[in-house]
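Accompanying notes for the structure given below.
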Amino acid sequence: DTAVSQTPKYLVTQMGNDKSIKCEQNLGHDTMYWYKQDSKKFLKIMFSYNNKELIINETVPNRFSPKSPDKAHLNLHINSLELGDSAVYFCASSQDAGLVGTGELFFGEGSRLTVL
Amino acid sequence: GQSLEQPSEVTAVEGAIVQINCTYQTSGFYGLSWYQQHDGGAPTFLSYNALDGLEETGRFSSFLSRSDSYGYLLLQELQMKDSASYFCAVRAPGAGSYQLTFGKGTKLSVIP
């Protein structure tokens with residue numbers, strides 16, 4: 001069983017379209033994240049949710065809207081796609097134990113978005 | 001905010017030892033993590049240091065010096081499969097319990 005799964009794995013679309021990426025984790029973790037990895041491999045956090053509540057919203061255009069229907073799911077919806085949105089989007093989860101433990105992030109396999 | 005510096009690329013020979021350094025500047029600090037990412041794959045956790053010193057896990061070791069804001073990942077007995085990108089990440093105060101900020105990654109190429 002995949003611990004963190006995201007779909008679709010590949011997404012090719014035209015500028016101006018709206019698309020969604022889904023993420024589910026079966027680890028029972030409290031916290032989920034969306035990271036964007038650009039062509040230079042820079043991993044930048046976009047959003048973090050803890051028990052369905054938004055706790056981090058980095059400087060991300062409001063065309064990006066996360067939705068967490070329950071603590072096992074965190075979906076990412078993107079409106080009016082732009083060329084610069086082309087990247088790999090990673091979903092991740094971690095167990096929120098405060099500062100106890102390593103804070104290990106478990107990543108999904110990534111969703112490669114290409115905007116034409 | 002947080003900033004991390006690590007070399008962009010390192011090349012090493014199979015069987016050798018390589019050290020990947022990471023220096024950081026943070027507002028508060030809880031610990032330093034390392035992640036490995038193969039091309040086309042997901043980042044995977046390697047190690048975490050909250051206290052000064054060396055942590056060893058098999059062929060990989062990670063070191064932290066909090067006073068120097070410095071850490072490194074040491075890979076011994078390099079294998080071809082170790083060719084990957086390695087990211088250091090700082091765990092620091094932020095929204096919620098903490099925030100994890102990644103460096104820009106070091107691409108390690110292991111050659112025969």
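The values are calculated or read from the model by the stated rules, or taken from the named source; none is laboratory data. Note that the coordinates shown come from a computational prediction; the quantities given were computed from them, not determined experimentally. Every residue, glycine as well, gets a Cβ built from its backbone with ideal geometry; the counts of neighbours run over all protein chains shown. These accessible areas exclude ligands, DNA and RNA; they are computed on the full protein's heavy atoms, side chains included. Shrake-Rupley method; radii C 1.70, N 1.55, O 1.52, S 1.80 Å.
Solvent-accessible area per residue in chain A equals 50 Å², computed with a 1.4 angstrom probe and all protein chains kept. How much of the accessible area of chain A, in percent, comes from carbon and sulfur atoms when a 1.4 Å probe is used? Its accessible area is 51 percent carbon and sulfur atoms.
Contact-buried residues of the range A:78-116, at a threshold of 50 Å² lost accessible area versus the chain by itself: A:L99, A:T102, A:F107 (1.4 Å probe; DNA, RNA and ligands ignored). Take the accessible area of chain A alone and of chain B alone, subtract that of the pair, and you get about 2000 Å² summed over both chains, using a 1.4 Å probe.
In summary, the aspartates and glutamates within cross-link reach of A:K40, defined as a Cα separation below 14 angstrom excluding same-chain residues under 8 places away, comprise A:D85, B:E9, B:D39. When the listed pairs A:K44/B:K107; A:K41/A:K67; A:K9/A:K36; A:K71/B:K104; A:K36/B:K81 are checked against a 21 Å cut-off, the alpha-carbon distance exceeds it for A:K41/A:K67; A:K71/B:K104; A:K36/B:K81. Accessible surface for chain B, divided over its residues, is 45 Å² per residue with a 1.4 Å probe. Over chain B, the pair-distance histogram of Cα-Cα distances with 5 Å bins from zero comes to 2, 13, 24, 25, 19, 10, 5, 2, 0, 0 percent, rounded to whole numbers. Using alpha carbons only, the radius of gyration of chain A set against its Kirkwood radius gives Rg/Rh = 0.96.
Kirkwood radius and radius of gyration were both taken over the C-alpha atoms of the protein assembly as shown, and their ratio Rg/Rh is 0.97.
For peptide A:56-65, the mean count of partner chain Cβ atoms within 10 Å of a residue's Cβ comes to 1. Straight-line cross-link reach from A:K22 at under 13 Å between alpha-carbon atoms covers these aspartates and glutamates, not counting any fewer than eight positions away in the same chain: A:D70, A:E109.
Close amide H partners of A:I56, meaning residues 5 or more places away or on another chain with modelled amide H under 5 Å apart, are A:S48. Per-residue shielding of B:40-50, expressed as the average number of other chain Cβ atoms within 10 Å of the residue Cβ, stands at 5. Of the GluC sites (Glu not before Pro) in the range A:18-116, the ones in a loop by DSSP (not H, G, I, E or B) with at most 16 other beta carbons within 10 Å are A:E58, A:E82.
Counting only protein heavy atoms and a probe of 1.4 Å, the accessible surface of chain B is 49% carbon and sulfur.
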